[in-house]
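For reference, the structure is listed below as structure tokens.
The values are calculated or read from the model by the stated rules, or taken from the named source; none is laboratory data. Since this is a predicted model, take the numbers as computed values, not measurements. Here Cβ is always computed from backbone atoms with ideal geometry, including for glycine, and neighbour counts include all displayed protein chains. For accessibility, only protein heavy atoms count, side chains too; no ligands or nucleic acids. Shrake-Rupley method; radii C 1.70, N 1.55, O 1.52, S 1.80 Å.
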Amino acid sequence: MSKRFNHPISKKAFYNPPKRLGGPQRTPPGLPDKFSNAKLVDHLRQYQAELEIQNKALRFSQAQAEGASERFVTLFSHVPLALMVVEESGLILETNGRALDLFRPLETDPPLTFLFPLVKGTGLDRVRLCFFLAKEQGAYEIDEVEFSGSSNGFFTGDIHVARIEHSADEGERFICAIIDQGPLLAQRQALQTSAQALQERNNQLVESKSRLAGIINSSLDAIVCVDKNHHIMVFNPAAASMFQCAADQALGRPLTDFLPAAAQALSYSDITSHAQLGEMTGLTSLGQKIALEVSLSFEHHPEGDVITLFAHDLTARKKMEAHRAALESQLRESQKMQAIGTMAGGIAHDFNNIISAILGNVTLAKMDTSALSAAATCLDEIDKAGKRARDLVKQILTFSRNDPPKRSPIQLADVTHETLRLVKVTLPPNVHLKTHVTPHTPLVLADATQIEQALLNLCNNAVHAIGSQQGELRVELSCSARGAEDMPERRSGLRGQHVKLSVCDTGCGMLPDTLERIFEPFFTTKPVGQGTGLGLSVVHGIMRAHMGNVKVQSLPGQGSTFELFFPVTDVQAEPPTATPTENTAFKGAGQTVMVVDDDEALVFLLKRLLTRQGYRVLTFTDPLQGLAQLRDPELICDLLVTDYNMPGYSGIDLLRDVQRVRPQLPVALASGYVTPDIEQAALAAGARALIHKPNDVDELCATVQKLLMEAGH
């Protein structure tokens, strides 16, 4: 392949006037003057000189062309680009070594003949367009064309096409340079992959930061971050609420403004990652103290460590612990009351039997003794002592029983006035009584007798607290509204409208230790012989049975105030009904009464008592023997009176068995400790009446007569 070089040489540049070889006289004769020999020789010499000059120029041009061709061939062969000389039809005329390495790396690969079949897919149209534009414009290029590299598979390269100058008789030829973009594309792909990974990592960091900010902002605990100088960098909303300080006002402030004790903990050099600082006292922006549980973590950074503190508010836990301690105290007291009640129920049966025997025999003895005799006085004293013992047992059972009293809608003003009349009679002269009773307070469901007993006990305690000094006893009755903040002394009562009964004195008052134990059974500060320690216990039991509250306030030397709160009821009081006059003779007409009790003294008393009242009495200390007698159809029995608590065979068991033998026989159950469960079981077993021990002779006889009359005997 060679390129034509045309160097036209001007004739004027090499023209010299011909030298004359002879004069005009030498012109051959017969010829024109211009065709003389001399002139011809001059012309020939001139032409020869011109030819030599032209030959010299041609030789120079040929040497230049050959040098340019060699340089072109050298450049064409050694340039680090794939170069090809291609005709317009795609025929490849010349290729360099780089093109062969790129398109035909192996000797077994087919020869490199045409360019267009080497273009893959839709890139062929682009390549044809590139040749067309190069033909029109002289040069054109396109990028990222995929070529077939035979053994190399497929590769991507940029193609540069330039038109080659040619003669008119030659077809269009182009020189094509193909630049392999594989390494660049690999590098670009690696950069894109790295950029994508970096972008994903950046997105993850942004998401992580957002999640961390969300966690910090939504945390229920206070989160505070401080720098190496212990200045606040992060102050989440929980911290702002806990310390009552806005976040923008807290940033930059020293940590000790909110956690004074944290500075000493942060100064320890052995804390490397995490640490539990335990309970600390925090300060709000208003200076209020709060109990906190604090932990921290360290984050090591080149510019300085960052410390994150987590503070949990212990206020609610402290309140719960205090409340739990109060509940545990109430539970212990309730268990103590329950233990006393169990003990009282255990001893009530036997003790009531003894008292019943004493009172009954005293009654019989008084019937047989003249009222003017000396023995009558002794019997009266025995009767008084027995009744005092009976009342003491009743007081024990009052606070120990869990059964509700027989309550009805009453006006506490009437009960208060009636009780104060009794108080005035026994009031010593050094105690001045003041009363303020609201006449028309709302009705309450209460047992008038128990309310009277509670008020008497409080007034007696007030008189004892005043002692021999001049003092004042004040009793007030009013209406009061109870709220959540009005916590009672011992137990939580109902909220809402209450009737308040207050007893205040100007006595010696009580110490806090004494105030904690005043409702304990048998606890008393009085000297021996002046108190049993049951008065306030009875008051506590009465108020508990009435669903009410007791509130106590007392200071040493400033007296005491007891407030009884009774919940108001919507139940209206029933109009009083006329009660028929009962027969007080209690005389029998020979009816047969069977008495079953394991106490021999009580059985002996009842037999004598009922026999004297005109009844035929059968007595048994063994309930099984009594049941065996009732199975005898020939035995006549009009009434059965049985004790409840008998060893091995209770009165309830006897009632059930008697119902199978004689279902129409009226039965009365006697007990010194009648609980709601016992009463319900007795009525279910067929009992017609319940007799509470100890009882008066008249009460017992009235119950017997009533049951016999109801049975038609």
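Among residues of segment 170-188 being in contact (Cβ under 8 Å) with a residue 60 or more places away in the chain and small (Gly, Ala, Ser), the one that is surrounded by the most Cβ atoms within 10 Å (Cβ to Cβ) is Ala177. Examine segment 188-195 for a residue that is of a type outside the set (A, V, I, L, M, F, W, C) and under 30 Å from Phe76 (Cα atoms), and state whether such a residue exists. Looking for residues that are of a type outside the set (A, V, I, L, M, F, W, C) and under 30 Å from Phe76 (Cα atoms), one finds at least one in segment 188-195, hence yes. Taking the numbered list (1) of a type outside the set (D, E, K, R); (2) modelled with pLDDT under 75; (3) surrounded by fewer than 13 Cβ atoms within 10 Å (Cβ to Cβ) in turn, Met367 passes all entries but (2). Scan segment 314-324 and tell me whether some residue there is at pLDDT 85 or above and open to solvent by less than 30 Å² (accessible area, probe 1.4 Å). Looking for residues that are at pLDDT 85 or above and open to solvent by less than 30 Å² (accessible area, probe 1.4 Å), one finds at least one in segment 314-324, hence yes.
Scanning segment 543-555 for residues that are within 24 Å of Gly507 (Cα to Cα) and either hydrophobic (A, V, I, L, M, F, W, C) or open to solvent by 60 Å² or more (accessible area, probe 1.4 Å) (or both) yields Met543, Val550, Val552, Gln553, Leu555.
Of all the residues that make up segment 254-297, how many are in a loop (DSSP other than H, G, I, E, B), open to solvent by 70 Å² or more (accessible area, probe 1.4 Å) and at pLDDT 85 or above? Of the residues in segment 254-297, 2 are in a loop (DSSP other than H, G, I, E, B), open to solvent by 70 Å² or more (accessible area, probe 1.4 Å) and at pLDDT 85 or above.
Looking only at residues in segment 411-467 that are polar (S, T, N, Q) and not in a helix (DSSP H, G or I), which one is surrounded by the fewest Cβ atoms within 10 Å (Cβ to Cβ)?
First, the residues of segment 411-467 that are polar (S, T, N, Q): 411, 416, 419, 426, 430, 435, 438, 441, 449-450, 453, 457, 460-461.
Pick out the ones that are also not in a helix (DSSP H, G or I) and you get 411, 430, 435, 438, 441.
Working: Gln411: 19, Asn430: 12, Thr435: 14, Thr438: 15, Thr441: 21.
Per the stated criteria, the residue is Asn430.
Name the single residue that is modelled with the lowest pLDDT among those in segment 500-541 being among the β-branched types (Val, Ile, Thr), touching a strand residue (DSSP E or B) at 6+ places or on another chain (Cβ under 9 Å) and part of a helix (DSSP H, G or I).
Step one: of segment 500-541, the residues among the β-branched types (Val, Ile, Thr) are 503, 506, 514, 518, 524-525, 528, 532, 538-539.
With touching a strand residue (DSSP E or B) at 6+ places or on another chain (Cβ under 9 Å) added as a condition, the list becomes 503, 506, 514, 518, 539.
So of that shortlist, the ones also part of a helix (DSSP H, G or I) come out as 514, 539.
Details: Thr514: 72, Val539: 80.
So the residue we want is Thr514.
Taking each residue of segment 280-303 that is among the charged types (D, E, K, R) and looking for partners that are open to solvent by less than 80 Å² (accessible area, probe 1.4 Å) and not in a strand (DSSP E or B) with beta-carbon atoms closer than 6 Å, six or more apart or interchain, yields Glu293/Leu314. Suppose we keep only residues that are at pLDDT below 75 and of a type in the set (Asp, Glu) within segment 378-429. Which one would you say is farthest from Arg544 (Cα to Cα)? Only one residue fits best here, namely Asp391.
For Ala190, the criteria (1) part of a helix (DSSP H, G or I); (2) farther than 29 Å from Pro80 by Cβ hold in every case but one, which is (2). Within segment 197-253, restricting attention to residues that are part of a helix (DSSP H, G or I) and in contact (Cβ under 8 Å) with a residue 60 or more places away in the chain, the residue that is least open to solvent (accessible area, probe 1.4 Å) is Ala239. So, Glu489, is that one modelled with pLDDT under 80, closer than 20 Å to Val539 by Cα and acidic (Asp, Glu) or not? In short, yes. Exactly one residue out of Thr577, Thr592, Thr619 is at pLDDT 85 or above and open to solvent by 30 Å² or more (accessible area, probe 1.4 Å): that is Thr619. Which is open to solvent by 40 Å² or more (accessible area, probe 1.4 Å) and at pLDDT 70 or above, of Gln558, Gln572? Checking each option against the conditions leaves just Gln558. Check whether at least one residue in segment 60-82 is open to solvent by 40 Å² or more (accessible area, probe 1.4 Å), under 25 Å from Gly171 (Cβ atoms), part of a loop (DSSP other than H, G, I, E, B) and modelled with pLDDT of 55 or more, and report yes or no. Yes, the conditions are met somewhere in segment 60-82. So, in segment 90-143, of the ones that are at pLDDT 85 or above, small (Gly, Ala, Ser) and assigned to a loop (DSSP other than H, G, I, E, B), which residue ends up surrounded by the fewest Cβ atoms within 10 Å (Cβ to Cβ)? Among those residues, the one meeting the criterion is Gly138.
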